[in-house]
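Note sheet for the following structure.
The values are calculated or read from the model by the stated rules, or taken from the named source; none is laboratory data. Computed from a predicted structure; not experimentally measured. For neighbour counting, all protein chains shown are included, and Cβ atoms are generated from backbone atoms with ideal geometry for every residue, glycine included.
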Amino acid sequence: MVSTALVMPSDEEDLALTLNAKKKKIRRKDFDAAFKTIKIEEKQGINIYNKVSRFIPKAFDFIDQSFLTETDKEEYKRIIRERANRLELQF
């Protein structure tokens, strides 16, 4: 699996579908609004963020073991870091 942001850098959208009426520059507040809409409790949302945060180092390991070029590996990890920072995830 490869990020479309890696293979199609001209595509500026973060998501194919809208989240909180947005497709670009998705932030934590957008997920929080979606969680509220579908009645996910705050504690459940925090648990979701924590699970995603714990997976990021594993994702980096998978990327390092992939057949991508070293340049693409670093770019893929940069994309993940940038989006994780937008979601205020700690990893």
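The set of residues in region 33-78 being hydroxyl-bearing (Ser, Thr, Tyr) and either closer than 18 Å to Phe91 by Cα or part of a helix (DSSP H, G or I) (or both) consists of Thr37, Tyr49, Ser53, Thr71, Tyr76. The residue pairs whose first member lies in region 15-29 and is under 16 Å from Gly45 (Cα atoms), whose second member is among the β-branched types (Val, Ile, Thr), and whose beta carbons are closer than 7 Å, counting only pairs six or more residues apart or on different chains, are Leu19/Ile26.
Just wondering, is there one or more residues in region 14-26 that are surrounded by 15 or more Cβ atoms within 10 Å (Cβ to Cβ), in a helix (DSSP H, G or I) and not small (Gly, Ala, Ser)? Taking every residue of region 14-26 in turn, none turns out to be surrounded by 15 or more Cβ atoms within 10 Å (Cβ to Cβ), in a helix (DSSP H, G or I) and not small (Gly, Ala, Ser).
Count of region 13-49 residues, restricted to those that are on the phi > 0 side of the Ramachandran plot, among the charged types (D, E, K, R) and under 16 Å from the mean Cα position of the chain (by Cα), is 1. Scanning region 34-47 for residues that are surrounded by 15 or more Cβ atoms within 10 Å (Cβ to Cβ) and hydrophobic (A, V, I, L, M, F, W, C) yields Ala34, Phe35, Ile40. The residue pairs whose first member lies in region 46-75 and is more than 21 Å from Asp30 (Cβ to Cβ) and free of Cβ contacts under 8 Å to residues at least 60 places away in the same chain, whose second member is part of a helix (DSSP H, G or I) and among the acidic types (Asp, Glu), and whose beta carbons are closer than 8 Å, counting only pairs six or more residues apart or on different chains, are Lys73/Asp64. What are the residues in region 48-90 that are closer than 22 Å to Leu19 by Cα and hydroxyl-bearing (Ser, Thr, Tyr), if any? Residues satisfying the conditions are Tyr49, Ser53. Cβ separations smaller than 9 Å between residues 6+ apart or across chains give the following pairs from region 1-13 residues that are more than 16 Å from Lys23 (Cβ to Cβ) to residues that are of a type in the set (Gly, Ala, Ser) and at pLDDT 85 or above: Val2/Ser66.
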